[in-house]
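This report concerns only the one structure given below.
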Amino acid sequence: MLRGAGHHVRILTRNRREPAPGIEYRSCDLLGGAGLYEALKGVETVLHLAGGPKGDDEATRNLVSAARSDGVRHLVYPRDVRPRRTRHRLLPPLPGRPRTR
């Protein structure tokens, strides 16, 4: 959907991958934080889809912390990523960041 709307997409992943048209992959570690701050440089909106049975709360805290320090304006954290019944909430802009439309 994002690519179809003309957006450049940066995907944070644990493993290195080759880029695809309009898609950039950045390897980082949400739990340990390695590479996370660098991976968010220049990003305005984060769609947080990563999760797992262990450490999800810590990974999310690390992501939010990096987002705050790197100028991210919006953080979208879906409650349910199943295709049929996706529900999400758009969090207000992070403190000190202007609202965009």
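Only residues that are surrounded by 13 or more Cβ atoms within 10 Å (Cβ to Cβ), in a loop (DSSP other than H, G, I, E, B) and in contact (Cβ under 8 Å) with a residue 24 or more places away in the chain were counted across segment 29-50, and they come to 7.
This table checks each residue for (1) part of a helix (DSSP H, G or I); (2) more than 14 Å from the chain's Cα centre (by Cα); (3) at pLDDT 90 or above.
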| site | (1), (2), (3) |
| --- | --- |
| Arg26 | no, no, yes |
| Asp57 | yes, yes, no |
| Arg84 | no, yes, no |
| Leu94 | no, no, no |
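Taking the criterion of being at pLDDT 85 or above and of a type in the set (D, E, K, R), the only residue of segment 1-13 that qualifies is Arg10. Annotation note: Cβ proximity below 6 Å between a residue of segment 3-22 that is closer than 24 Å to Thr60 by Cβ and among the hydroxyl-bearing types (Ser, Thr, Tyr) and a residue that is modelled with pLDDT of 90 or more and assigned to a strand (DSSP E or B) (sequence gap 6+ or interchain) occurs for Thr13/Tyr25; Thr13/Ser27.
The values are calculated or read from the model by the stated rules, or taken from the named source; none is laboratory data. Every value quoted in this text rests on a predicted model; they were computed, and no experiment measured them. Reconstructed Cβ throughout: ideal geometry from the backbone, glycine too, with neighbour counts over all protein chains shown.
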